[in-house]
Amino acid sequence: MMKSPAALHTAFFRVAIGLIAIAPLAACRHAHRTPAPPAIDWRTSPLDLNLRGMNGKSYLFRCPAGKPAPESVTGSGVYTDASSICAAAAHAGAIDAQRGGVVMIQILPGRDGYLGTTQNFIHSADYAHAWGGSFAVLSADDFASGRKP
């Protein structure tokens, strides 16, 4: 059954008015989203980002799918701030290296030494000397639940 031109015009007008009414609601819903965490690569460390000394502050980052470079992580649980954020996150199990993901780190004071381990197929190095800055890794889920290192 064919509709008359007047019926088509009325239907079009109703759809157009509906879209005009919905568009501001959709824009409002998206306006309150938090910005996406900055993307970093598998070489980026807190030291590269000038985060040393920001003790107690937490930062979110997005790691791409990838693979840690050899000797890019020092420590376990608490890492030197020269360690790769993404590699430390994969070592800690906060992200899967093959998929990447969002990770939270918390900046910590330096320590007198760091013990390395092998976790999640990633080896982290020992460092038996004092180092000026550290960080701990949390997953985005831990961050959302309010967990701190």
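Every read-out reported here was derived from the displayed coordinates using simple, explicitly stated rules and does not represent laboratory data. Note that this is a predicted model, so its numbers are computed, not measured. FYI the Cβ positions are ideal-geometry reconstructions off the backbone, even for glycines, and counts take in every protein chain you see.
Data overview
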{"quantity": "Vicinal HN-Hα couplings computed from phi for region 126-137 (Karplus, 6.51 cos²θ - 1.76 cosθ + 1.60; Hz; Gly/Pro x)", "calculated": "7, 9, 8, 10, 5, 9, x, x, 9, 8, 10, 10"}
{"quantity": "Overall Cα dimensions of region 58-145, principal axis frame, Å, largest first", "calculated": "33, 26, 16"}
{"quantity": "Residue order, fewest to most beta carbons within 10 Å, for Val78, Val73", "calculated": "Val78, Val73"}
{"quantity": "Label point distance in nm, Ala130-Lys57, each placed 7 Å from Cα along Cα→Cβ", "calculated": "2.4"}
{"quantity": "Extension reserve of the Asp112-Asp41 stretch, reckoned as 0.36 nm per residue once the Cα distance is removed", "calculated": "22.8 nm"}
{"quantity": "Neighbour-count ranking [beta-carbon atoms within 10 angstrom, fewest first] of Tyr79, Tyr127", "calculated": "Tyr127, Tyr79"}
